[in-house]
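Enquirer: Got a structure for you, written out below as structure tokens; questions coming shortly.
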Amino acid sequence: LASSTDTALIFIPNISHVSIAGLILDGDSAPGSSKAGILLSNSSFDSISLIHVYRMNTGIRLFASQDNTIAGNIFSANDSAGISIQSGSAGNTVRGNTVQSGGIGIHVGWDRNTIVDNTIYGTGRMGVYLDSAVSNRVQGNRIQSCGSYGMMLSNSAQGNYAALNEINSTAGAGAPYF
């Protein structure tokens, strides 16, 4: 990864047991920026809560980070995704967040994460996107008015558990509960 100024407003590399709470991060980013509001890289047991991240490429990005909690945050108008869990990031819990507008609500690109009780609406693409992700739990989320699918699994996403999710008013086909 590049330097912190190239990748995120808040960059947390190789650090564990950090709590971040009560911030407003306004990226005011130009389209095409790759900057995240918060980037955890090779970090574990961190907690991010009560944060409002808007106008970034990605609100929060996890890369090779395990056992973190992202809870009670608001993500608005982030171009790529509100939350993105990427390669090597397992055992993370994403709970009780609100993602509105922007690209993808919650992108999960790795295994064994828990995505529960989030509200996602008005995104330009998918509400929840499991991309090559295995053995994740997606439960009790409310997803509405997405530009394509409420929830999408692709690229060998298998062994995932999805239940009691309420999905409606999306542009793509799909059942209202997944």
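The values are calculated or read from the model by the stated rules, or taken from the named source; none is laboratory data. Given the structure is predicted, the values throughout are model-derived calculations rather than measurements. Glycine gets a Cβ as well: all are built from the backbone with ideal geometry, and neighbour counts include every protein chain shown. The accessibility values were calculated without ligands, DNA or RNA, using every heavy atom of the protein model including side chains. Shrake-Rupley method; radii C 1.70, N 1.55, O 1.52, S 1.80 Å.
Enquirer: If the only charges are +1 at each Lys and Arg Cβ and -1 at each Asp and Glu Cβ, what is the size of the charge dipole of segment 40-178 around the Cα centre, to the nearest 20 debye? Can you show the working numbers first?
Expert: Working: 7 positive and 7 negative charges, 24 e Å.
Using only the charged Cβ atoms, the result is roughly 120 debye.
Enquirer: Just to check I understand the Karplus step: with θ = phi - 60° and J = 6.51 cos²θ - 1.76 cosθ + 1.60, what whole-Hz values come out for segment 124-137, glycine and proline as x?
Expert: x, 10, 7, x, 10, 10, 9, 10, 6, 9, 10, 6, 9, 10
Enquirer: Using protein chains only and a probe of 1.4 angstrom, how many square angstrom of residue 134 are accessible, to the nearest 10?
Expert: About 40 Å², rounded to the nearest 10.
Enquirer: What is the diffusion coefficient of the chain in µm²/s, taking the Kirkwood radius over Cα pairs and the Stokes-Einstein relation at 4 °C with a viscosity of 1.567 mPa s? Intermediate values should be presented prior to the final figure.
Expert: Values: Rh = 15.5 Å.
The estimated diffusion coefficient comes to 83 µm²/s.
Enquirer: If a paramagnetic tag sat 7 Å from the Cα of residue 47 along the Cα-Cβ line, which residues of segment 65-94 would have the backbone N under 15 Å from that point?
Expert: Hits in segment 65-94 for residue 47 at 15 Å: 67-73, 93-94.
Enquirer: Say R0 is 30 Å: what FRET efficiency, to the nearest 0.05, do residue 34 and residue 163 get from their beta-carbon distance? Before the final figure, lay out each step's value.
Expert: Working: r = 34 Å, r/R0 = 1.13.
E(calc), rounded to 0.05, equals 0.30.
Enquirer: What full-extension length gain, to one decimal in nm, is calculated for residue 156 and residue 15 as 0.36 nm per residue of separation minus the Cα-Cα distance?
Expert: Result: 47.6 nm gained on full extension.
Enquirer: Taking the C-alpha atoms of segment 36-75, how large are the radius of gyration and the largest Cα-Cα span, Dmax, in Å?
Expert: Over segment 36-75's Cα set, Rg and Dmax evaluate to 9.8, 27 Å.
Enquirer: Ok, one more. Which one, 124, 159, 109, has the greatest fluctuation when you compute a Gaussian network model over the chain with C-alpha springs under 10 angstrom?
Expert: Highest fluctuation of the listed residues: 159.
Enquirer: Another one. Can you report the principal axis dimensions of segment 56-129 using only the alpha carbons, biggest first, rounded to whole angstrom?
Expert: 28, 21, 17
Enquirer: What shape does segment 108-151 take by its C-alpha gyration tensor, where a ≥ b ≥ c are the square roots of the eigenvalues and a/c under 1.5 counts as rounded, a/b above b/c as prolate, and the rest as oblate?
Expert: On the way: a/c = 3.22, a/b = 1.51, b/c = 2.13.
In terms of gyration-tensor shape, oblate.
Enquirer: What translational diffusion coefficient, to the nearest whole µm²/s, does segment 75-178 have by Stokes-Einstein, given a Kirkwood radius computed over alpha-carbon pairs, a temperature of 4 °C and 1.567 mPa s viscosity?
Expert: Details: Rh = 12.8 Å.
Diffusion coefficient, whole number: 101 µm²/s.
Enquirer: Would you mind telling me which residue in 89, 148, 19 has the biggest mean-square fluctuation in a Gaussian network model of the chain, where springs connect alpha carbons within a distance under 10 angstrom?
Expert: Result: 19 has the largest fluctuation of those listed.
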